[in-house]
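This report concerns only the one structure given below.
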Amino acid sequence: MRSPMEERTFLDFYKNTVAGYSNGVMSSICTLLVDKNKITFEAQRSLGDSDDLLYFESKRDFKKVITETTTNIKFANFYENWEFIKLYKYSLPLFWEAKEDKPLEDYLKEIGGNAFVPDDFIPEYVLDTTLKEATPLYWITEEAIFVKFVLQKSYIQPETFDQIDYRYPIVIYIDLKNGFLEIRYDANRYNSNGIVSNEAYESIVTECILWLKNNLHLNLYTCNHANIIAIINDRQNDDVRMYKQMMQMSTGASAELTASENTDYVLPFIGELRELIDENEEIFNQAEDVKTLLLHYLDDKEETASYPYIYIKWVKPVESQSYIVKVTFDYFSRKYTLLQHITGGCKDLGMERMNDAIKYLCESGSFIKGEEI
């Protein structure tokens, strides 16, 4: 039976969770609170406004803003909504097909899921401990369905050895028009020995897949990424470019290859040698045997090498808006593809960059439907 907490205990989970994020994330939350007219840093605005608008003196006092808003029940809907729209560190993409001609919303209602209405949300003061017993909160837009599970977790703070309870959201983003979805989640925080096993993340993925198949009755498929490198390199006019890749040769040697920082993002060795041949076609045509031998060598290296991961950069006119996604192949028992969203200097910490990345990878053909799970 799901037991509700006391309000103060429930709100402390919000506070502990958000206080554990970086200053960059907390700054973005403050900006969003201002945009949503939830708080203000303008003293004159607090006069005559409703009690719902909180006034703070310093824009840089993130701790005070976070503490006062997370422990105020009036802001629960804001933080529940933020968990839907925030940037997650990891996402695992899959393709899906419906088994029946039935709206997914009907299944969500049948299993007791709660519809999320951003401006009209009342929490149940319940946080589940496992995905198997969790009841989802779902949000439906014109293009997608977001299904959110929130688990309660805890870690031991290294400095004080205090146990800190926090919220651990998992969001399943289901694209309704293009037939793909993502399981989105963050890194676990410190446990008692400071180590987090990959088995914990694999368990999340496995249980989400079972939940999708058993409750939404979906057929699920892996991502086939065989042509991702060729497709991205061939789309010369796009602002999406190869940035780095790990290459493992058949001899067992490996190296991380980094693309240049200027406008030319062709990767070194194989990519540059092919480019060299193309740019000097007349010279190489005069030595056809050398050209053929070299091309056969490059073909052999491409066929026998594997690329455990690559980095893809979305290049924006303003560099602080550019972002990088690491794509790891054959993850979790060599079955799945994993996306890791690199924060770095990028100021965009919302879900739109996740949505844009997965749409590009699927619509470009970089990811296509693979084997059924």
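The values are calculated or read from the model by the stated rules, or taken from the named source; none is laboratory data. This structure is a prediction, so every number in the text was calculated from the model and none was measured. In this analysis, Cβ positions are derived from the backbone assuming ideal geometry, glycine residues included, and neighbour counts consider all displayed protein chains. Ligands, DNA and RNA are excluded from the accessible area calculation, which covers all protein heavy atoms including side chains. Shrake-Rupley method; radii C 1.70, N 1.55, O 1.52, S 1.80 Å.
Descriptive notes on the structure:
- Model label points for residue 299 and residue 110, set 7 angstrom from Cα along the Cα-to-Cβ axis, are 5.3 nm apart.
- Residue 128 paired with residue 273, simple spin-label distance in nm, labels 7 Å along Cα-to-beta-carbon: 5.3
- The mean sequence separation of alpha-carbon pairs under 8 Å and at least six residues apart, normalised by the residue count of the stretch 147-234, gives a relative contact order of 19 percent.
- For the pair residue 89 and residue 292 in one chain, pulling the backbone fully straight at 0.36 nm per residue adds 68.6 nm over the alpha carbon distance.
- For the chain, size of Cβ-based charge dipole, Lys and Arg +1, Asp and Glu -1, in debye: 1100
- The distance between label points at residue 363 and residue 321 comes to 1.7 nm (points 7 Å beyond Cα on the Cα→Cβ vector).
- Rolling a 1.4 Å probe over the protein heavy atoms gives the chain an accessible area of 52 Å² per residue.
- Normalised by the number of residues in the chain, the mean separation of alpha-carbon contacts (under 8 Å, six or more apart) gives a relative contact order of 17 percent.
- Split the accessible area of the chain by element, probe 1.4 Å, and carbon with sulfur accounts for 47%.
- Across 89/316; 36/99; 132/244; 36/89; 132/313, pairs whose alpha-carbon gap is larger than 32 Å: 36/99; 132/244; 132/313
- Note on the stretch 116-170: dipole from Cβ charges, positive end direction compared against 155, 140, 116; the farthest Cα belongs to 155.
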